[in-house]
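*Asks:* I'd like to ask you about the structure that follows.
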Amino acid sequence: MKTRIYTVMLLAGILFSCGDDFLDRTPVSNTTADAYYKTSDDMVNAVNAIYSKVAGSGQYGANYLQLMEYRSDNVKNNNPGAGGGVLYQFETFTDVPSNSTLSATWLSMYQTVYAANIVIGRIDDVTFKDTSLKARLLGEAYFLRALTYFHFVRLWGKVPLVLTEVSIEESAKIKRSPVAAVYQAIETDLDSAIKKLPDTYSTADLGRATSIAAKSLLGKVYLYEGKYPEAQTILAQVIATATSSGIPQLLTNVKDVFSISNEMNKEIIFAIRYLKGNANTDHANWYNSGDSDTDLSAITAAYSPTDKRKDLMALQGSGSNKCPLKLYETPISNRQGTDFPVLRYADVLLMMAEVLNSQSYDANGLAFTYLNNVRTRAGLTAYTSADLPDQASFQKAVWNERRLELALECDRWFDLVRTGQAINAMATVGYTIHPYQYLYPIPQKQIDIVGSDVLDQNDNY
């Protein structure tokens, strides 16, 4: 039976109560909050509440899929009426600042940041008999805050950088920080998380962030920043751990990675965990496909007939509630409990292949080895230097492999943007887009709360 850390917490009302500022949370002077964070158990619950928010519908439970995957050339939304037309804006690049999904996601993410700030700011006031537990909880908070800001900076660019608990009055004065400052904060958080988190957990705590997850995420952050030597160094540590201990590892059969009976397997480095049958721990059918809804024909057509990953795109279920095998579980009332993979070892190998090639092309180097490890696992023929004779051809190959391997896992849109492929890729599926649309508009609701002199809008929105 699955063990889940994403449970409804009694303190949820304390952590996530709604106000009118852009962070939408209670002030730190709230006497109930001050009275709560007193014991190690309180801090465990506080960290669990961060995970719960990340797993909610404002983030991985629903909205991230719309903002990160439907936006790309992998998935098409053929239902103009979905979400009252709000979701269709992401498909057609007609986003407006009043979009309610953007506002809900922004709010959920800042609630996550606030919850992490509570743990980071208050944990030293709590007495722990087990100092390793204290370190671990702090590391988890750093990791989840870093993950959230990594999404923030890729979705909106400059955002308010809030790294401590602040009052409502103070929050109303915090302006957007430069992208470089946000990335620096992410790096710092992940460095702290790496030092404090364990490599593995017992079964009861599977799903919590590990030092391997923090290293893998930091490698991805460096990749996005173009810091290739730094990315190589940290990803090499993950690969070295995999070589010496067998965790993480690339499973032999790619379908086993996504089997509902094999969740949190050795390839999964970090996943958002769910449990079917409880409204507070499950999620709606992902990439739900009815007669006029989600269309996976573009990504399905990208696979060769012999690619074992193609079957993972096949729709399962019946009627108007079909969803792809990759993320499918027989639902209860159209609700499922499949986990969402955030970081996998296959991703690490592909990142390392890209990082190595970005620094120098080597016809007999490890970049080919890592790329081919993923490719041959899918049943495809290994690339040789005859197939990819130079740096540019290798680069295109690894980008394409990322699309095929990580389809539906919320990487494609960001990969298109960071590699400069977005405009051409979207043209192939019928959309003419412009560079300003690499970012979403700042939610107008949040601008109205604090004023445009504090929270300015992204260009051309």
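*Asks:* Asn78 to Ser40: FRET efficiency via 1/(1 + (r/R0)^6), r the Cβ-Cβ distance, R0 51 Å, to the nearest 0.05? Each step should come with its number before you reach the end.
*Replies:* Details: r = 50 Å, r/R0 = 0.99.
Computed FRET efficiency for Asn78 and Ser40: 0.50.
*Asks:* Let me ask something else. Taking 0.36 nm per residue of sequence separation and subtracting the Cα-Cα distance, how much length would be gained by fully extending the chain between Ala314 and Val96, in nm to one decimal? Please report the intermediate quantities before stating the final value.
*Replies:* Details: separation 218, 0.36 × 218 = 78.48 nm, distance 3.30 nm.
Extra length available between Ala314 and Val96 comes to 75.2 nm.
*Asks:* Quick one: the Cα spread of region 271-359 along its three principal axes, in angstroms, biggest first?
*Replies:* Here the spans come out as 50, 30, 20 Å, largest first.
*Asks:* Now a separate question. Could you work out how far helix 228-245 tilts from the main Cα principal axis of the chain, as a 0 to 90 degree angle to the nearest 10?
*Replies:* Helix 228-245 sits at roughly 80 degrees to that axis.
*Asks:* Once phi is turned into ³J(HN,Hα) by the Karplus curve 6.51 cos²θ - 1.76 cosθ + 1.60 with θ = phi - 60°, what whole-Hz value does each residue of region 86-95 show in order, with x for glycine and proline?
*Replies:* 5, 5, 5, 4, 5, 5, 9, 6, 10, 4
*Asks:* Need one word for region 377-421: rounded, prolate or oblate. Basis is the Cα gyration tensor (sqrt eigenvalues a ≥ b ≥ c); a/c below 1.5 gives rounded, then a/b vs b/c decides. Write down the numbers at each step before the final one.
*Replies:* Values: a/c = 4.93, a/b = 1.35, b/c = 3.64.
Oblate, because a/c is 1.5 or more while a/b does not exceed b/c.
*Asks:* Now for a different question. Please give the contour-minus-distance gain from Thr306 to Asn253: 0.36 nm per residue of separation, less the Cα-Cα distance, rounded to one decimal in nm. Please list the in-between numbers first.
*Replies:* Details: separation 53, 0.36 × 53 = 19.08 nm, distance 1.39 nm.
So the extension gain works out to 17.7 nm.
*Asks:* Still on this model: Using the beta-carbon distance between Lys396 and Gln237 and R0 = 25 Å, what value does 1/(1 + (r/R0)^6) give for FRET efficiency, to the nearest 0.05?
*Replies:* Numbers: r = 28 Å, r/R0 = 1.11.
In this case the efficiency is close to 0.35.
*Asks:* If you don't mind, another one. Please report, in debye to the nearest 20, how large the charge dipole of region 342-401 is about its Cα centre when each Lys and Arg carries +1 at its beta carbon and each Asp and Glu carries -1 there.
*Replies:* Values: 4 positive and 6 negative charges, 40 e Å.
Charge dipole, region 342-401, about its Cα centre: 200 debye, nearest 20.
*Asks:* Tell me the Rg and the Dmax, in Å, that the Cα atoms of region 214-307 produce.
*Replies:* So, for region 214-307, Rg and Dmax equal 17.6, 49 Å respectively.
*Asks:* I would also like to ask the following. Run through region 40-139 and list the trypsin sites (Lys or Arg not before Pro) located in a DSSP loop whose Cβ has at most 11 other Cβ atoms within 10 Å. Each step should come with its number before you reach the end.
*Replies:* Working: sites: Lys53, Arg71, Lys76, Arg122, Lys129, Lys134, Arg136; in loops: Arg71, Lys129.
Filter output for region 40-139: Lys129.
*Asks:* Right, here's the next one. Compute the length gained on full extension between Arg418 and Tyr461: take 0.36 nm times their separation in residues and subtract their Cα-Cα distance, giving the result in nm to one decimal.
*Replies:* On the way: separation 43, 0.36 × 43 = 15.48 nm, distance 2.10 nm.
Between Arg418 and Tyr461, full extension yields an extra 13.4 nm.
*Asks:* Where Lys and Arg each count +1 and Asp and Glu each count -1, what net charge lies around Leu250 among other residues with Cβ under 10 Å from its Cβ?
*Replies:* Charge balance near Leu250 sits at +2.
*Asks:* Quick one: helix 211-225 against the long Cα principal axis of the chain, what's the angle to the nearest 10°, folded into 0 to 90?
*Replies:* 70
*Asks:* Working from the alpha-carbon coordinates of region 37-189, get Rg over Rh, Rh being the Kirkwood radius.
*Replies:* 1.03
*Asks:* Ok, one more. Using the beta-carbon distance between Lys175 and Ala298 and R0 = 56 Å, what value does 1/(1 + (r/R0)^6) give for FRET efficiency, to the nearest 0.05? Can you show the working numbers first?
*Replies:* Working: r = 39 Å, r/R0 = 0.70.
E(calc), rounded to 0.05, equals 0.90.
*Asks:* Taking only DSSP H segments of four or more residues, each worth -39500 (n - 2.57), what value at 222 nm results for the chain once the sum is divided by all its residues, to the nearest 500 deg cm²/dmol? Let's see the in-between values first.
*Replies:* Values: 17 runs with 207 residues, N = 461.
It lands at -14000 deg cm²/dmol.
*Asks:* Using +1 at the C-beta of Lys and Arg and -1 at the C-beta of Asp and Glu, which of Ala242, Phe93, Leu144 has the Cα lying farthest in the positive direction of the dipole of region 91-243?
*Replies:* Looking along the dipole axis, the top candidate is Ala242.
*Asks:* Under a point spin-label approximation (7 Å from Cα along Cα-to-Cβ), what is the Ala363-Leu133 distance to one decimal in nm?
*Replies:* Each label point is offset 7 Å from its Cα along the Cβ direction, giving 6.0 nm.
*Asks:* Which value, in nm² and rounded to one decimal, describes the direction-averaged projected area of the C-alpha convex hull of region 122-189?
*Replies:* On the way: hull surface 20.8 nm².
Dividing the Cα hull surface by four gives the mean projection, 5.2 nm².
*Asks:* Please list, in chain and number order, the residues 5+ apart from Lys276 or on another chain whose amide H is under 5 Å from its amide H, with Hs placed from the backbone.
*Replies:* Under 5 Å from the amide H of Lys276 lie the amide H atoms of Gly337, each far enough along the sequence or on another chain.
*Asks:* With just the Cα atoms defining each centre, how far is region 352-404 from region 132-185? Give it in Å.
*Replies:* After rounding, the separation between the Cα centres reads 34 Å.
*Asks:* Is the C-alpha gyration tensor of region 279-418 telling us rounded, prolate or oblate? Criteria: a/c under 1.5 is rounded; beyond that, a/b larger than b/c is prolate, otherwise oblate.
*Replies:* Numbers: a/c = 2.66, a/b = 2.19, b/c = 1.21.
Note, shape of region 279-418 comes out prolate.
*Asks:* Under a plain spin-label model, where a point goes 7 Å from the Cα along Cα-to-Cβ, how far apart in nm are Asp199 and His434?
*Replies:* Here the modelled spin labels are 5.2 nm apart.
*Asks:* Another question, then. Quick one: if you take sqrt(5λ) for each eigenvalue of the C-alpha gyration tensor of region 252-321, what semi-axes come out, biggest first, whole angstrom? Could you put the intermediate results ahead of the total?
*Replies:* Working: eigenvalues 102, 86, 17 Å².
The answer is 23, 21, 9 Å, longest axis first.
*Asks:* For a test of the definition: using alpha carbon positions, the gyration tensor, and the 1.5 limit on a/c, classify the chain as rounded, prolate or oblate. Provide the component values of the computation, followed by the final result.
*Replies:* On the way: a/c = 1.43, a/b = 1.26, b/c = 1.14.
Rounded.
Each value in this text was obtained by applying a stated rule to the coordinates, not by laboratory testing. Here the structure is a predicted model, which means the values were calculated and not measured. Counting neighbours? That spans all protein chains shown, and the Cβs are built from the backbone with ideal geometry, glycine included.
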